[in-house]
Every structure is written in structure tokens, then in C-alpha cells.
1. If the label point is 7 Å along Cα→Cβ of residue 83, which residues in segment 89-116 have backbone nitrogen under 16 Å from it?
2. For each pair in 39/181; 59/181; 36/181; 91/222; 91/181; 36/237, compute the distance between the two Cα atoms and list the pairs where it is over 31 Å.
3. Work out how much length residue 140 to residue 191 would gain on full extension: take 0.36 nm times their residue separation and subtract the Cα-Cα distance, in nm to one decimal.
4. Going by amide H atoms built from the backbone, whose H comes under 5 Å of the H on residue 42, apart from near neighbours?
5. Would you mind working out the magnitude of the charge dipole of segment 197-238 relative to its Cα centre, with +1 at each Lys and Arg C-beta and -1 at each Asp and Glu C-beta, to the nearest 20 Debye?
6. If r is the Cβ-Cβ distance from residue 176 to residue 116 and R0 is 25 Å, what FRET efficiency results, to the nearest 0.05?
7. Which part of segment 42-61 falls in the paramagnetic zone of residue 20, meaning amide N under 20 Å from the point 7 Å along Cα-to-beta-carbon?
8. Leaving out ligands, DNA and RNA, what percent of the accessible area of segment 20-129 is carbon and sulfur, probe 1.4 Å?
Amino acid sequence: MPAEILERILSHLSFIQRTSIQRTNQQMKQVTLTPKLWKNITIRDRLITNPIMFNILRKHTTSLDIPDCVWRANPHEEIEMENYLILNAPKLTYLGLQGFGGNNALVATLILLSEDLATLDLSEADFTLLSHVLNKINRTNHITSINLSIVRKSPRNRQPAALYERYSPVRANIIADLTTKCIRLTDLVLMGTDLSQDSIIQICNLVTPTLVAINLARECIKDEHVDALTKRCPNMKY
């Protein structure tokens, strides 16, 4: 069978299926190594090891989507991966970490050193991951779109108002880092993140004026917040 036909067939398989089929024969292995098949990688609900990540990064993958995955590494493996990332800047433009579990510091390093990263999906992820990311990145990042939404929990489970203000997952100091370090944002999704009033005020008054779309569904947004946001972001469309 011609390599072009095999490549088209393999493009419909998952990353895990393609790596498994490499063992079939030499021709199949060569086709699975075609650069085009490595541009967009999706792995769902799996344990990711350093060898898997090395394999992906060496192929200059630009879109990596790993929802509900866990990436674990021992201290030696963590140092090894960090050294590799420093010497070989990832080519990622999109990184999906929905419901991610595992080594937050290592993922934060991956984000920091992905100089072309434009879209970051942290929906359903632990907010300690967001803290690690914001602690590491600086204002030179090129991130234009961030998704921090939480939709799996019911809004009925929110804590009483006093505790809610004190223990909101996305606290004001995190929002301060987000608004001061992500200065190229055009799209921001904060649906269901239980924002405190201080956090909402900071967003509406300090977020980058480049913002075009923001999703604050299920948050306690007041008229004055909307007024401040529209004045701060003159190009707002959504």
C-alpha cells in the first residue's frame, strides 16, 4: 500500500494506537514517523512518562492535548527533562492540560520554555498548577488565550459567603499575576472558578486592554464590574 494512503489512514488513529502499530513492520514504522502525524497529538486519561514526552518533543509537535493525564517523574527524570527543555525549546503553540494531574513544576517549566505557546487550556486542572505556571512565566510570554473554567462541580456546592470570600480557589494574588504577566491575552475563560469579589475587581480594572472575549459565567458579576471592564478593554466583543 502506498505510504500516502497509509499516512491518511493513520491520521484517524489516536497517538497511542499509532505508537502501538509501529511494531507491525518496517514500512508501518516509517509511516508513523512522518512529521505531519506528529504535529497534533492527543492522549486521553493516561500515565505519561518522560520517554513518551521526549518522543513528542523531539518530533516538534505544535499542538499537544493531554486531558485527564498524569505526568510523573522522579527527581532524576525531572532534572533530565528540564535540561532537555532548556537546550531544546518546545515548538508548542497549543497545550491542553484539562484535568491534569502529576508534576506541576515540570509542566510549568514546559510552558515557560515553549516560547511560541499561544493557547493554554487549564480547565478542570488543580489551581496549584496555575500558581506554578504564573510563578514561572514572565511578561515575555506570547499566550493569547487561557481557559481556566471549572464545569464538573455543581454551583450549588459553593461555600457560605464568608468562607467563599476567604477560600476562593482563584485568589486575588493569583489574578494579580495573571493580569500583570499575561499582557497579550485576547481570550480568557473563567467560568465557574468561584472568583472572589476582589479577584473580579482586579480583572475588570487591571486585565490587559487587548482582551476581546471573556467568559465569566456562574460568577457574581455586578453592573459596575461590566462598566469597568468595557472601559478597560475597548475592543471587547464578547
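The values are calculated or read from the model by the stated rules, or taken from the named source; none is laboratory data. In this text the structure is predicted, and so the values were computed from the model without any measurement. Cβ sites come from the backbone with ideal geometry, for glycine too, and all protein chains shown count toward neighbours. Accessible surface is based on the protein model in full, side chains and every heavy atom, while ligands, DNA and RNA are left aside. Shrake-Rupley method; radii C 1.70, N 1.55, O 1.52, S 1.80 Å.
1. 89
2. Working: 39/181 28 Å; 59/181 29 Å; 36/181 33 Å; 91/222 40 Å; 91/181 21 Å; 36/237 35 Å.
Correct reply: 36/181; 91/222; 36/237.
3. On the way: separation 51, 0.36 × 51 = 18.36 nm, distance 2.61 nm.
In short, 15.7 nm is gained.
4. 15, 65
5. Details: 5 positive and 5 negative charges, 36 e Å.
Dipole of segment 197-238, to the nearest 20 debye: 180 debye.
6. On the way: r = 26 Å, r/R0 = 1.03.
Efficiency at R0 = 25 Å is approximately 0.45.
7. In segment 42-61, the label zone of residue 20 (backbone N under 20 Å from the point 7 Å along Cα→Cβ) covers 42-53, 55-56.
8. Working: 2640 of 5300 Å².
C and S fraction of accessible area: 50 percent.
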